[in-house]
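Below: the structure, in structure tokens.
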């Protein structure tokens, strides 16, 4: 979230930061920068649907063109996802479709992969399986731990997530038959084909 805000994407205005955790550090960080910060505690709602309905009402007050999930660790209801279809994106710390879900770094190490990374994708009802916008690859070293791998992957997340938001704002992303097409030339650092580091 901080990387996206600090990227200063032309034409983008971060309308609000919303968290289901009142103690989330990002809320105070955003508030200190004059961004509306809203805590909507999921524990105070009867069920997932009631919470997602309230969350959608809160988001819709801002009429966003794009909903960006950043560190949001709750499974979304199908109705919520459908409401923002084509304008909600997420980032996942693996090269999807590999290692969807939780504990991605430990699972990558257990599987013995030599390359892992991160993926920005449109959100669909199927968890971590939406159309892929961008990916960055990270080499897995013999001495890597889940923590060391997470650190290097996070560095790439901070590159490709703001870039994906920029492409959306510029109107360069199109979904065709469940795939994302990017119009125009790739940036010089090649975020879609980030170098393995």
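Screening region 99-112 for residues that are surrounded by 16 or more Cβ atoms within 10 Å (Cβ to Cβ) and closer than 19 Å to residue 160 by Cβ and picking the one that is farthest from the chain's Cα centre (by Cα) gives 108. Residues that are in contact with a strand residue (DSSP E or B) (Cβ under 6 Å, 6 or more places away or on another chain) and farther than 15 Å from residue 69 by Cβ were ranked within region 18-29; the one that is surrounded by the most Cβ atoms within 10 Å (Cβ to Cβ) is 27. Specify the residue that is nearest to residue 65 (Cα to Cα); the eligible residues are those in region 176-197 that are at pLDDT below 90, in contact with a strand residue (DSSP E or B) (Cβ under 9 Å, 6 or more places away or on another chain) and not in a helix (DSSP H, G or I). Here the answer is 194.
Of everything listed in (1) in contact (Cβ under 8 Å) with a residue 60 or more places away in the chain; (2) in a helix (DSSP H, G or I); (3) over 30 Å from residue 43 (Cα atoms); (4) touching a helix residue (DSSP H, G or I) at 6+ places or on another chain (Cβ under 9 Å), the single unmet condition for residue 157 is (3).
Between a residue in region 38-53 that is more than 14 Å from residue 21 (Cβ to Cβ) and any residue that is buried (at least 16 other Cβ atoms within 10 Å of the Cβ) and at pLDDT 95 or above, which pairs come within a Cβ distance under 6 Å, given they are 6 or more apart or on different chains? Going by the 6 Å Cβ cut-off, the qualifying pairs are 48/77; 49/77; 52/77; 52/80.
Can you tell me which residue in region 113-143 is surrounded by the fewest Cβ atoms within 10 Å (Cβ to Cβ), limited to those that are in contact with a helix residue (DSSP H, G or I) (Cβ under 7 Å, 6 or more places away or on another chain) and free of Cβ contacts under 8 Å to residues at least 40 places away in the same chain? Among those that are in contact with a helix residue (DSSP H, G or I) (Cβ under 7 Å, 6 or more places away or on another chain) and free of Cβ contacts under 8 Å to residues at least 40 places away in the same chain, it is 140.
The values are calculated or read from the model by the stated rules, or taken from the named source; none is laboratory data. Quick caveat: nothing in here was measured; it's all calculated off a predicted structure. A quick note on method: Cβ atoms are made from the backbone with ideal geometry, for glycine too, and the neighbour counts reach across all protein chains shown.
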